[in-house]
Amino acid sequence: FINFVGGSHGRRLAELFESAFAVMLRMTAWVISLAPIGVCAFMIYATATQGVDVFATLARYMVTVFLALLFHAVVILPLLVLVVARRSPLGFLKNMSPALLTAFSTASSNATLPLTISCVENRAGISNRTSSFVLPLGATINMDGTALYEVVAVLFIAQAMPGVDLTFLQQVTVAFTALIASVGAAGIPHAGLVMMAIVLQAVGLPVESQGIIIAVDRVLDMCRTSVNVWSDSCGCAVIDRLNNESVVEA
């Protein structure tokens, strides 16, 4: 509607939003620049209170997240492609490899979206009618890897904190809240850490406790973003198959 109004009013409003965006971008960059200092301080605190064994625990946490993401990516999603979409999982993976590699390197499903659409349409042969609807929607709300990561991360934080013992009901709350929070996560690097604050507060854990995992979050962010994009692509293949079948029946 700013474009519809046009003229001096439209121009002033457009400049206002552009200026606000520039300010928020600079503020975000400033906060990110302080993150290494905060992470270093938190790691010193964790080492002083829990000893150097915390790093071995952190390594086991990384392996747990990686194995869970790997199982979802090479077992669950390929089964959907094979059984529901009726495609070869290996062939579809080969078609989507440029997008998956880009997702891994950028850790952003939004930045990968144009290449994902290109791979789905030009390499996998899925119609633009399906991809133009499913993929942008999936890049926003379909965050399999992020949901899985947040559950493991919050449970790890709870175990790492002395005196904290989550009940079974609280663990179910963590899983449900992580699923809901992942829907609202932005498709940008480290967005999962922001939404994790909601999950931590849901079970009474301090938000600042996630500082212990920030040091290794970048590597895990790359892995879970690849799973997110792979999941969106598999969902696109499934929807395209079901859509084609409904057209034939009609």
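The values are calculated or read from the model by the stated rules, or taken from the named source; none is laboratory data. Computed from a predicted model, the values in this text were never measured in an experiment. Here the Cβ positions follow ideal geometry from the backbone for every residue, glycine too, while neighbour counts run over all protein chains shown. Please note that ligands, DNA and RNA were not included when accessible areas were found on the heavy atoms of the full protein model with its side chains. Shrake-Rupley method; radii C 1.70, N 1.55, O 1.52, S 1.80 Å.
Data table
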read-out: Residue-wise HN-Hα coupling along the stretch 159-165, computed from phi with Karplus coefficients 6.51, -1.76, 1.60 (Hz; x: Gly, Pro); value: 6, 6, 8, x, x, 10, 9
read-out: Residue-span extension gain [Ala20 to Ile180] - 0.36 nm each, minus C-alpha spacing; value: 54.7 nm
read-out: Within the stretch 96-124, backbone nitrogen closer than 14 Å to the virtual label 7 Å beyond the Cα of Val194 toward Cβ; value: 108-111
read-out: Cα-projected label distance for Gln159 with Leu13, points at 7 Å along beta-carbon direction, nm; value: 5.3
read-out: Solvent exposure of the chain as accessible area per residue, Å², 1.4 Å probe; value: 55
read-out: GNM result for the chain, Cα springs below 10 Å: residue of Ala103, Ala29, Ala56 fluctuating most strongly; value: Ala29
read-out: Hz values of 3J(HN,Hα) by residue in the stretch 81-86 - Karplus curve (6.51, -1.76, 1.60), Gly and Pro given as x; value: 5, 6, 7, 8, 7, 6
read-out: Rounded to whole Hz, the Karplus (6.51, -1.76, 1.60) HN-Hα couplings of the stretch 96-113, x for glycine and proline; value: 8, 4, x, 5, 5, 5, 5, 4, 5, 7, 8, 6, 9, 6, 5, 5, 7, 3
read-out: Mean separation of Cα contacts under 8 Å (6+ apart) over length of the chain, as relative contact order %; value: 28
read-out: Residue-level accessible surface for Val83, protein heavy atoms, 1.4 Å, Å²; value: 100
read-out: 10 Å-binned pair-distance histogram of the stretch 98-172 (Cα, whole percent); value: 17, 35, 20, 18, 10, 1
read-out: Summed side-chain charge close to Ala68 - residues other than Ala68 whose Cβ falls under 11 Å, Lys, Arg +1, Asp, Glu -1; value: 0
read-out: Spacing of the two label points (7 Å from each Cα toward its C-beta) at Asn128 and Ser88, in nm; value: 2.8
read-out: Proximal charge balance of Leu135 [Cβ under 13 Å; K/R count +1, D/E count -1]; value: -2
read-out: The chain: calculated mean residue ellipticity at 222 nm from DSSP helix runs of at least 4, using -39500 (n - 2.57); value: -26500 deg cm²/dmol
read-out: Prolate/oblate/rounded call for the chain, Cα gyration tensor, a/c under 1.5 rounded; value: oblate
read-out: Dipole magnitude of the chain, debye to nearest 20 (Cβ charges: Lys/Arg +1, Asp/Glu -1, about Cα centre); value: 480
read-out: Exposure of Thr130 as accessible area (Å², to 10), given a probe of 1.4 Å and all protein chains; value: 10
read-out: Nonlocal amide H pairs with Arg87, under 5 Å, H built at 1.01 Å; value: Leu82
